[in-house]
1. What does a probe at Glu186 reach in the range 261-304, counting residues whose amide N is under 16 Å from the point 7 Å along Cα→Cβ?
2. Non-local amide H neighbours of Gly311 (under 5 Å, H modeled in plane, Pro and chain starts lacking H): which ones?
3. For Ile34, what is the net charge nearby, where nearby means another residue's Cβ is under 14 Å from its Cβ and Lys, Arg count +1, Asp, Glu -1?
4. How big is the charge dipole of the chain about its Cα centre, in debye rounded to the nearest 20, if each Lys and Arg gets +1 on its Cβ and each Asp and Glu gets -1 on its Cβ?
5. Which value in deg cm²/dmol, rounded to the nearest 500, describes the helix-derived mean residue ellipticity at 222 nm for the chain, given -39,500 (n - 2.57) per DSSP H run of n ≥ 4 and division by the residue count?
6. Tally Lys/Arg at +1 and Asp/Glu at -1 over every other residue whose Cβ is under 10 Å from the Cβ of Ala12; what's the total?
7. Around Glu203, with a cut-off of 14 angstrom between Cβ atoms, what is the net charge of the other residues, counting Lys and Arg +1 and Asp and Glu -1?
8. Count neighbours as other Cβ atoms within 10 Å of each site's Cβ, and list the trypsin sites (Lys or Arg not before Pro) in the range 65-162 that are DSSP loop with at most 11 such neighbours.
Amino acid sequence: MRATAIAQPNIALIKYWGKRNITRNLPAVGSISITLRDLFTTMTVQLDPDLAGDVLYVNDERDDGMLPRISACLDEVIGSRRMHARVNSTCNFPIAAGLASSASAFAATTVAAAGAADLKLDTQRLAALAGRASGSAARSLYGGFVELANNGDDIEMTALCDADSWPLTVVVAVTQSAPKAVGSSEAMEISRKTSPFYANWVERQPEDLSIARNAILARDFKQLATIAEHNCLKMHSVMWASRPPMMFWNAATMACLQKVRKLQGEGCSVFFTIDAGPQVKAVCLPEDAEAVRVALAATPGVTEVLVSGLGAAARLVDPQ
Ligand code: DP6
C-alpha cells in the first residue's frame with residue numbers, strides 16, 4: 001500500500017510539441033530524448049483507506065495546485081475506485097521552469113502508484129500511463145537515449161542506446177527559476193490552432209527523428225548537434241509565430257546560445273537545446289563539460305549552472 005519511486009527528468013533532442021488527441025494526451029509527433037542522472041524527483045504514494053481525499057506534499061509543503069493532475073495519474077494507473085492517497089514528492093531542481101520537472105514527477109508517480117497497488121505492469125505500459133499525465137513523462141521510464149513513436153492509438157517506446165554506451169554530459173544554465181507563465185499543454189494547443197508553421201512542423205518531424213536516431217546509433221556527435229539545434233529552433237519558431245506569440249526566452253537565454261556558438265568555434269563538442277522555458281541545456285562530450293560549465297556560469301543573467309550525466313530509468317526504491 002506504500003511505495004517510493006525515483007525518476008530523472010529527460011531532455012528532448014527532437015521535441016514533442018503538439019497533441020493529436022487531447023483526451024488521451026497523445027502527441028502529434030514522435031520525439032527523442034536523453035534521461036538525466038543527477039536531477040531527480042522522488043515520489044512516495046501511500047494508499048490509505050482512512051483518507052477523505054488525496055493529499056500532495058512537494059518538498060514538505062502542501063501543493064493543491066498540482067494535486068488534480070497527480071490524482072488523475074493515480075486514477076489512470078490504479079483505477080478511479082482506488083483508495084485515496086498521501087503523496088510526498090521531493091525534487092532537487094527548480095520546478096515548472098522548463099526543466100522537465102513534470103516528466104520526472106509523473107514518471108515517478110506512475111511507478112510508485114503501480115508499486116503501492118501491487119500492479120505488475122511492463123515498462124511500455126507504465127510509459128503509456130505516464131504519458132497520459134504528461135507526454136514527456138513516458139520517456140523517463142527509460143534511461144539513456146529514448147525514442148517515443150506514435151503507433152496507431154498509442155505510443156511505442158524504444159531504448160536507442162543506454163547511458164553508459166554514450167555518456168554525454170548536460171550543462172543546464174538556469175536563467176530564471178520562477179514557474180513559467182503558460183503551461184505546455186495550453187501553449188501546444190495555441191500553436192496547433194494558430195501557428196502558420198505548425199503543419200510543416202508535424203510533417204517534417206519524421207525526417208528529423210530519422211537523422212537523430214541514425215546519429216545516436218552511429219555515436220555521431222556533430223550530426224546529432226546539427227539536427228537537435230535545428231529541431232529546437234524550429235519548435236521555437238512555431239511558438240513565436242503563434243497567436244498570441246509564445247516567447248519563453250530572455251536576454252540570458254540568447255547570451256547562452258551565443259556562448260555555445262563561441263565554444264563550438266573554439267573546437268568544443270557542444271550543442272544547445274531549449275524547452276518551454278528560458279533555461280539553456282548544453283549537451284556536450286564529457287571532456288568538454290568543464291569548459292562549457294565555466295563559460296555558461298560566467299554568462300550575464302545565468303543564476304545557476306547544473307551539471308548532469310545521463311542516467312537510468314524510473315524505478316522503485318523501496319518496494320513494500
Ligand atoms: C517543450 O510533456 O510538459 O519540453 O503532455 O502537455 O504535459 P504535456 O506536455 P509536456 O511537454 C514537453 C514539451 C517540451 C518538449 C519535449 O520535452 O519533448
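What follows is calculated from the coordinates using simple rules that are stated; it is not laboratory data. Note that this is a predicted model, so its numbers are computed, not measured. Neighbour counts run over all protein chains shown; Cβ positions are idealised from the backbone, glycine included.
1. 276-277
2. Here Thr35, Leu36, Arg37, Gly144 satisfy the definition.
3. +1
4. Dipole about the Cα centre, nearest 20: 680 debye.
5. The helix contribution divided over the chain gives -11500 deg cm²/dmol.
6. +2
7. +2
8. Here the trypsin sites (Lys or Arg not before Pro) that fit, given the DSSP loop and packing criteria, are Arg81, Lys120.
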